[in-house]
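Contents: one structure, followed by commentary.
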Amino acid sequence: MSELPRAQDLGMMGCHVCRLVTTYSEDPHAHCPRCHNPLHPRKTGSVARAWAFLVAAAIFYLPANLFPIMRTQSLFSKDDNTILSGVFELWRNGSPDLAIIVFTASIVVPVLKFCIMGYLLVSVQRASGYGPRQRAKLYRFVELVGYWSMLDVFVVAILSALVHFKVLSRVEPLPGVIYFGIVVVLTMLAAMSFDPRLIWDKRKAQ
C-alpha cells in the first residue's frame, strides 16, 4: 500500500467531545450514541473560523508591539517600555539570556505561528498533497508553543506585584500588554479551530 487508509475510508468517524469511534455518517443530524453531541466528519467551518481568528490576531499584533507594555517608575525617573525596548534594556543591563528568551517568546514565536497557520490554511484550501506528515508536525508545533507566548504577560504581572512592595519604585502594566494577551488568545483559538485532518484530505476545504 502506498499510503494507509483514513478512518473515513474505513467507514468510521470520531466524536469531537467524548472521542468515541463510531460508524461514519454524512447525516447532518447524526449524534454520538454515547454523549449525544452532534457528529461531524470534519469540524464545521474550520478553515473560515481559523482565518478569522488569525487575521484578527495579526491586526492586534501591531498595537501590541507599538504600544508600551510596562511603565517603570522610581523616585527620579519614569520609563515606558515596548516589547522590543524591554528586550534591549535586558540585554544592556547584563541579562542577555533573559533578553533572548523574551525575544523568542514574544516576537519569534507569534510570527512563526502566523506564518505556519497561514501556510496550513492555504495548503488545505488548495487541497495540496505535498508533505502531509511535515504539515501535521508543523501543526503540533504550533499547539505546543502556543502557551509560551504568554511569557510577557506573566513577566509584567509578576513584576507589578513584586515591585509594589518597594516604597521608591513601581511597575505598572500599560495597554500594550492587553493587546499582546489578545494576540496570544486569538492565535490559540485559530489553532484550536483548525481541523488537522483536513491536511490528509484530497478535496478543497471551505
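The values are calculated or read from the model by the stated rules, or taken from the named source; none is laboratory data. All figures in this text were calculated on a predicted structure; none of them were measured in a lab. Ideal geometry is used to build each Cβ from the backbone, glycine not excepted, and the neighbour counts take in all protein chains shown.
Some points to look at:
- Given (1) at pLDDT 85 or above; (2) of a type in the set (S, T, N, Q); (3) over 22 Å from D201 (Cα atoms), index of the condition Q125 fails: (3)
- Contact map, region 18-43: residues that are within 19 Å of L198 (Cβ to Cβ) paired with residues that are exposed (fewer than 12 other Cβ atoms within 10 Å of the Cβ), Cβ distance under 6 Å, separation 6+ or inter-chain. Pairs shown: Y24/G11.
- Odd one out for I59, checked against (1) touching a residue at least 12 places away in the same chain (Cβ under 8 Å); (2) exposed (fewer than 15 other Cβ atoms within 10 Å of the Cβ); (3) not aromatic (F, W, Y): (1)
- Given (1) loosely packed, with under 15 Cβ neighbours inside 10 Å; (2) free of Cβ contacts under 8 Å to residues at least 24 places away in the same chain; (3) in contact with a helix residue (DSSP H, G or I) (Cβ under 7 Å, 6 or more places away or on another chain), index of the condition Q125 fails: (2)
- Residue within region 139-158 that is β-branched (V, I, T), within 21 Å of W51 (Cα to Cα) and either touching a helix residue (DSSP H, G or I) at 6+ places or on another chain (Cβ under 7 Å) or modelled with pLDDT of 85 or more (or both) present: yes
- Test: residue in region 18-29 that is under 30 Å from V183 (Cβ atoms), among the β-branched types (V, I, T) and not in a loop (DSSP other than H, G, I, E, B): no
- For region 48-101, the set of residues classified as modelled with pLDDT of 85 or more and either of a type in the set (F, W, Y) or on the phi > 0 side of the Ramachandran plot (or both) consists of W51, F53, F60, Y61, F67, listed by residue number.
- Neighbours by Cβ (under 6 Å, 6+ apart or cross-chain): first from region 166-181, modelled with pLDDT under 75; second crowded, with 19+ Cβ neighbours inside 10 Å and part of a helix (DSSP H, G or I): P173/V156
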